[in-house]
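Notes follow the structure.
No value in this document is a laboratory result; all are computed from the given coordinates. None of these values were measured; they are calculated from a predicted model. Neighbour counts run over all protein chains shown; Cβ positions are idealised from the backbone, glycine included.
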Amino acid sequence: MNATHDQSPAQASQSQRSDEDLSGPSDPMIGLTSFFRVSNPEVRTGQHATAQQRDSGRVYHARRSHRKSRNGCLNCKKRRVKCDETKPNCKRCQTYGVACEFPAVQVQSSQNDGLAVKLLDTLNRCNSPDIKTYSMALFATAEKIDELLKIGHSPPQGCWDSARWMKSSSLAAIHHFTNFTVNTIATESTRAIMEKEVLHLAFQKPFLLHGVLAVATTHLRRIVPDNQSYRMAEAYHWQQAIDLYSKEIGSGVGKHNMDALFSTSMLIGVLSFSVDEFNPANSWVFSDAPDGLHWLSLQGGLRYLIEQTNPWLYQSIWFDCFKQSYDENVDFHDERPGRVDLHPGLADLCEIDDTTTVESNPYHWPLRMLSNMLHLERSPKNFPKFVHFMGRLLPDYLELLQRKDPRALLILGWWLALMCSVKNWWLETRIYSECVAICMFLEPIATPLILKLLEFPAEACGYVITRVNDDTLFEVGLDIDGLLLPDTCVEEIDQFLYGSNFVISSCSAYVEDT
């Protein structure tokens, strides 16, 4: 009998595989390295082991104790491999050349704080691959916003669908606030506080949340002026913020609410200062409206709150910023009598001598503050120091401004000239508009000394002074974007209508030709 017929089926199968190995692979992919795991792979040795031999030769060892990676990066967690937890990039992510992301730190605090932290984490990681976690965080945050905002009045009927507006528009506004608005309303020293602590507080205090949403929608409306929903949301949130803020102050100011009140006061300051249109003719200077000067008088609210909370001020989130706003070369509490270190020309105009005190002359205190700022560099970096002026004005000086007192107006004009160095969407239009309005108001009634002192604010805001030729006829000019209008194009002051797109009828042809 042929030897082949004497082989068992297993031996024949083994012989067939041996022949195939010697003849080489028929498929060109066979033999290439593969990264797929194969269950129970055969051991490549000189002789093939049987299944029984492999099972009997296997030795099992107990797994050694090891430290689990509980704080590893998200990529290693997904791949179920151990992460060395090296930050900012673990070694595995560096090896694979992928972005290494670590989960947000879990804050064991109140429910509101946890939601705020979750929101910040999701907003700062908008490109996170874990879209499910991101969506859940947004939903939870939207639910909390809905809960907080319903504490106040509901939005006007017919304006929005309440649920959609609360959960969608408000969430988008907070996203805009943290990613864009904060950079435009905060300084370097206050940006981190606005982005984190203020938002955490907003999830506890509805009046602050309304303030945050109001500033964000005001900014959005400036960017997209034709969107009426932003305008309606802005009005609603501002009304709610001011109403709830006033009630909170009425219930008592203390350690428990000082930070939320400080933050809201600052946001309301943004509202009161912001105007849409450059139009000096609409200034309070040319109006008898009793609330025309509110944009300035409201800035004193923060000073009142600081005085009320002085015993606990060192515990405030704003304490370091309050300290940094002071300058060793600028004494904001300088109440020295006399005219030493005051601007000589302004001191002469205000009739200040060596015996004059803050109590005896209402011009002395604002002029003392202004004079201490005049040696500072006129640049945005000194904005925190410049704003001290409007926050510390006294009622007697504000009363003089309300009466359009020329000397009080000139002092304010000099301060506005310093502020012209700060370029920002929420204050630039107001600063230039009011500075031009003061120049327009004072020039026709100016004495030689006032006219001389008016040159500084006029130069800062671009207003061109034309010398008065007689007591009844005067002319003015305005330098807008480098365009100096000739005298023949200027009409009487009461016929001016200044604005970002203003047109002077008698010189429209001249403007078109140029």
Problem set entry | Overall dimensions of the range 322-432 as given by Cα atoms, namely Rg and Dmax in Å | 13.8, 43
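Using 27 Å as the Cα-Cα cut-off, could you pick out the over-long pairs in Lys323/Lys381; Lys87/Lys255; Lys196/Lys323; Lys196/Lys255; Lys323/Lys423; Lys91/Lys196? Could you put the intermediate results ahead of the total?
Values: Lys323/Lys381 15 Å; Lys87/Lys255 38 Å; Lys196/Lys323 20 Å; Lys196/Lys255 19 Å; Lys323/Lys423 24 Å; Lys91/Lys196 30 Å.
Listed pairs above 27 Å: Lys87/Lys255; Lys91/Lys196.
Using a 10 Å cut-off on Cβ atoms, rank the peptides 237-249, 256-268 from the highest mean neighbour count down. Present the calculation step by step, with values, prior to reporting the outcome.
Working: 237-249: 18.8, 256-268: 22.3.
Ranking, from highest mean packing down: 256-268, 237-249.
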